[in-house]
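*Asks:* So that we are looking at the same thing, I have put the structure below in structure tokens.
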Amino acid sequence: MLKKTLLAATALLALVGGAAAQDLKEFRVGILGGENEADRLRNYACLSDHLKKEFGFEKVSLFPAADYDGVIQGLLGGTLDFAELGASGYAAVAIKDPKAVTPILTTQQADGSTGYYSIGLALKSSGIKTIKDAKGKKLGYADPDSTSGYLVPLTQIPKDTGAPNDKFFASTQFNGGHENNLLAAYDGKVDVAVDDSSGLGDFKDGYTSGTFRKEVDKGAVDPNKLVEVWRSPLIPNGPLVVRNALGDAWKTKLTDFFLKLPTTDAKCFSAIEGGDFKGYVKVTPDFYNAVIDVRKAAIGG
């Protein structure tokens with residue numbers, strides 16, 4: 001009898017939880033830090049409008065965190081329902097709590113690939129042409145939870161230089177996100193900045209997507225004054241993640257919504273992703289196993 005009572009109670013709780021998820025009134029979206037807050041809010045405004053119209057949310061709250069960790073902690077603490085993370089950021093969440101979120105989609109590049117690169121950029125006037133030329137110089141990182149702006153350069157640049165970064169370079173420093181990091185190199189505050197890029201298309205355009213492309217489009221940097229001095233192996237594109245507490249029904253609804261977004265509003269899709277992408281494709285947690293392993297080995301959780 002006790003067993004039946006417990007089973008009934010469990011079933012009731014599941015129904016209550018499911019009903020709460022179905023009756024979601026507010027949807028909370030985390031936006032990674034490291035770029036101008038006004039730009040991030042403006043780019044996501046169209047998404048807020050679409051979500052309200054599609055799902056009838058009374059409120060869609062946008063949270064532009066000051067840094068990557070702000071979004072990571074929001075997802076872990078249950079104060080955010082959705083976010084687009086970098087691969088290393090997702091790894092940080094998965095390491096701390098594998099049941100916190102589920103990756104549902106990732107971006108697909110113009111060539112159909114689901115990866116991107118970390119690239120090293122330097123001023124052309126510096127005379128640095130390859131990463132080996134930067135021995136004894138200053139290296140700029142983006143954010144401790146960035147894949148292309150820290151984890152990959154930390155582990156992959158030494159394969160090209162033959163020494164750990166803290167030994168090869170005179171100094172390394174975090175510059176508060178991808179935008180600030182690129183501008184630090186452009187302004188001569190560091191000699192090389194590592195940032196995210198599709199690595200596709202023309203350098204003079206800032207390639208097809210990534211921070212370099214965003215800054216070129218805004219007129220913040222002149223690509224003719226920069227040179228690419230390093231490129232990583234291909235990195236898995238970061239995922240769109242949904243908080244597991246919302247339930248499977250919401251994961252399915254949101255997956256379907258975002259898969260259609262590049263067609264229903266191509267301009268909004270481009271604003272959110274910052275460049276020329278083909279669309280979204282479905283992804284599973286296994287896609288990020290290698291990044292999780294690298295993060296565990298290199299910097300822990």
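The values are calculated or read from the model by the stated rules, or taken from the named source; none is laboratory data. Given the structure is predicted, the values throughout are model-derived calculations rather than measurements. Note: ideal-geometry Cβ built from the backbone for every residue, glycine included; neighbour counts use all protein chains shown.
*Asks:* Quick one: how many residues across region 276-301 are closer than 28 Å to residue 207 by Cα, of a type in the set (Gly, Ala, Ser) and assigned to a helix (DSSP H, G or I)?
*Replies:* 1
*Asks:* Moving to a separate point now. Restricting attention to region 142-155, does a residue exist that is more than 26 Å from residue 278 (Cβ to Cβ), among the hydrophobic types (A, V, I, L, M, F, W, C) and either outside the structural domain of residue 33 (by the TED database) or surrounded by 15 or more Cβ atoms within 10 Å (Cβ to Cβ) (or both)?
*Replies:* Yes, that holds for at least one residue.
*Asks:* Next up: Check 65, 87, 83 and return the single one that is assigned by the TED database to the domain that holds residue 44, in contact with a strand residue (DSSP E or B) (Cβ under 7 Å, 6 or more places away or on another chain) and under 17 Å from residue 295 (Cβ atoms).
*Replies:* 87
*Asks:* Taking the residues in region 76-106 that are part of a strand (DSSP E or B) and not hydroxyl-bearing (Ser, Thr, Tyr) as candidates, determine which candidate is nearest to residue 179 (Cα to Cα).
*Replies:* Among residues in region 76-106 that are part of a strand (DSSP E or B) and not hydroxyl-bearing (Ser, Thr, Tyr), the one nearest to residue 179 (Cα to Cα) is 84.
*Asks:* Could you go through region 244-262 and let me know if any residue there is assigned to a loop (DSSP other than H, G, I, E, B), at pLDDT 95 or above, within 26 Å of residue 90 (Cα to Cα) and in contact with a strand residue (DSSP E or B) (Cβ under 9 Å, 6 or more places away or on another chain).
*Replies:* No, the conditions are met nowhere in region 244-262.
*Asks:* Please work out if residue 206 is at pLDDT 95 or above, surrounded by fewer than 21 Cβ atoms within 10 Å (Cβ to Cβ), in the same structural domain as residue 121 (by the TED database) and at positive phi.
*Replies:* It is false that residue 206 is at pLDDT 95 or above, surrounded by fewer than 21 Cβ atoms within 10 Å (Cβ to Cβ), in the same structural domain as residue 121 (by the TED database) and at positive phi.
*Asks:* Determine which single condition residue 49 fails, assuming it passes every other condition in (1) buried (at least 23 other Cβ atoms within 10 Å of the Cβ); (2) part of a helix (DSSP H, G or I).
*Replies:* Tallying (1) buried (at least 23 other Cβ atoms within 10 Å of the Cβ); (2) part of a helix (DSSP H, G or I), residue 49 fails exactly one: (1).
*Asks:* Filtering region 61-80 down to residues that are in contact with a helix residue (DSSP H, G or I) (Cβ under 6 Å, 6 or more places away or on another chain) and in contact (Cβ under 8 Å) with a residue 60 or more places away in the chain, which residue is surrounded by the most Cβ atoms within 10 Å (Cβ to Cβ)?
*Replies:* 75
*Asks:* Same structure again: Report yes if residue 139 is within 30 Å of residue 269 (Cβ to Cβ) and either in the same structural domain as residue 70 (by the TED database) or not small (Gly, Ala, Ser) (or both), otherwise no.
*Replies:* The answer is no for residue 139.
*Asks:* So which residues in region 209-258 are under 18 Å from residue 272 (Cα atoms), among the basic types (Lys, Arg) and surrounded by 14 or more Cβ atoms within 10 Å (Cβ to Cβ), if there are any at all?
*Replies:* If the condition is that a residue be under 18 Å from residue 272 (Cα atoms), among the basic types (Lys, Arg) and surrounded by 14 or more Cβ atoms within 10 Å (Cβ to Cβ), then 213, 214 are the ones that fit.
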